[in-house]
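Okay, so here's the structure we're looking at.
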Amino acid sequence: MADFCSAVDNRASSIEALRDRLADAALQMGFPFVALVQHGGLPRLVEHSMVVTNYPAEFVQSYRENHYFIIDPVYDVSQQLDRPFGWEEIANFVELADHQLALFEEARRYGIVHGITVPLCIPSVSYASCTFARSEPIEITPSLMTTLQIVAGFAFKAGLYLHHAMHGRNVPRLTRREAECTALIALGKTDWEIGQILGIAQTTVRYFISRAKQRYGVFRRSELVARAIVDAQLIRDGQDRVPDSAGDKPECE
């Protein structure tokens, strides 16, 4: 798992490379199949969503052609829970209709029988899930669930970054101070605490945060943090920083 997280954190070069690394990590944990899928609203337009999977090509084609992404109960349950869940739990949250049971039956023919799904969400940005599946029953342990959650989280972050790059999404560029303030918000620091840490006034902290929100076109700090995480904009210790610029000085203290 550590090798996977390190490789992903250093940026996979393509969705295909990410798929291969994710598949290798899943196989090491006993799962020959894995699917990282971004959820859309209805209608779920999968052609515009991030899909990273090594599921059998024939099943993926059938899934798309039959619009199974609209009825898949795994999606519904993953948006109800904030923790990984085994497929045996699905019936506790969703009353399965005949066409949904037929979907599971078709998956069984390809060896996709038992699974664990990790719900993934970045507020105001995206809902997704990462499923690890196999033909044999799964012994679910807290350790396994934690490991799958960590792997899925790293893959989701890397996948969104690559998906946005592929579709030419414009990523706003935060200045050093904006990124520092945003990173400290993510750590739960108040404006006063951020000012003490960075050696600047509270009004200056608010200025940088306000400007960072303007760059992203968001109104809430939680949205700013979520977007900055996806775009790998948060400054970490030892990481190269965006140089100061003339525009990094507030209009007034």
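The values are calculated or read from the model by the stated rules, or taken from the named source; none is laboratory data. This structure is a prediction, so every number in the text was calculated from the model and none was measured. Every residue, glycine among them, receives a Cβ derived from its backbone with ideal geometry; neighbour counts consider all protein chains shown. All accessible areas refer to the heavy atoms of the entire protein, side chains included, with ligands and DNA or RNA removed. Shrake-Rupley method; radii C 1.70, N 1.55, O 1.52, S 1.80 Å.
Identify all residues within region 80-101 that are out of contact with any helix residue (DSSP H, G or I) (no Cβ under 8 Å at 6 or more places or on another chain) and either farther than 15 Å from Phe69 by Cα or surrounded by 14 or more Cβ atoms within 10 Å (Cβ to Cβ) (or both); write none if there are none.
Asp82, Gly86, Glu88, Ala91, Asn92, Glu95, Asp98
Could you check region 188-233 and list, in sequence order, the residues that are under 28 Å from Phe154 (Cβ atoms), free of Cβ contacts under 8 Å to residues at least 24 places away in the same chain and in contact with a helix residue (DSSP H, G or I) (Cβ under 6 Å, 6 or more places away or on another chain)?
Ile194, Lys213
Determine, yes or no, whether Val60 is under 18 Å from Val37 (Cα atoms), out of contact with any helix residue (DSSP H, G or I) (no Cβ under 6 Å at 6 or more places or on another chain) and open to solvent by 20 Å² or more (accessible area, probe 1.4 Å).
Yes.
Test each condition in (1) over 20 Å from the mean Cα position of the chain (by Cα); (2) at pLDDT below 90; (3) in a loop (DSSP other than H, G, I, E, B) for Arg169 and report the one that comes out false.
Against the list (1) over 20 Å from the mean Cα position of the chain (by Cα); (2) at pLDDT below 90; (3) in a loop (DSSP other than H, G, I, E, B), Arg169 comes up short only on (1).
Which residue is modelled with the highest pLDDT, if the candidates are limited to region 131-166 and must be polar (S, T, N, Q) and closer than 17 Å to Leu120 by Cα?
Thr131
Collect the residues in region 102-153 that are open to solvent by less than 50 Å² (accessible area, probe 1.4 Å), under 20 Å from Asp24 (Cα atoms) and hydroxyl-bearing (Ser, Thr, Tyr), keeping them in residue-number order.
Thr117, Ser129, Thr131, Thr147, listed by residue number.
Are any residues in region 1-31 modelled with pLDDT of 90 or more, basic (Lys, Arg) and out of contact with any strand residue (DSSP E or B) (no Cβ under 8 Å at 6 or more places or on another chain), and if so, which ones?
Within region 1-31, Arg21 is the sole residue that qualifies.
For the subset of region 17-36 comprising residues that are among the aliphatic types (A, V, I, L, M) and part of a helix (DSSP H, G or I), which member is most open to solvent (accessible area, probe 1.4 Å)?
Leu27
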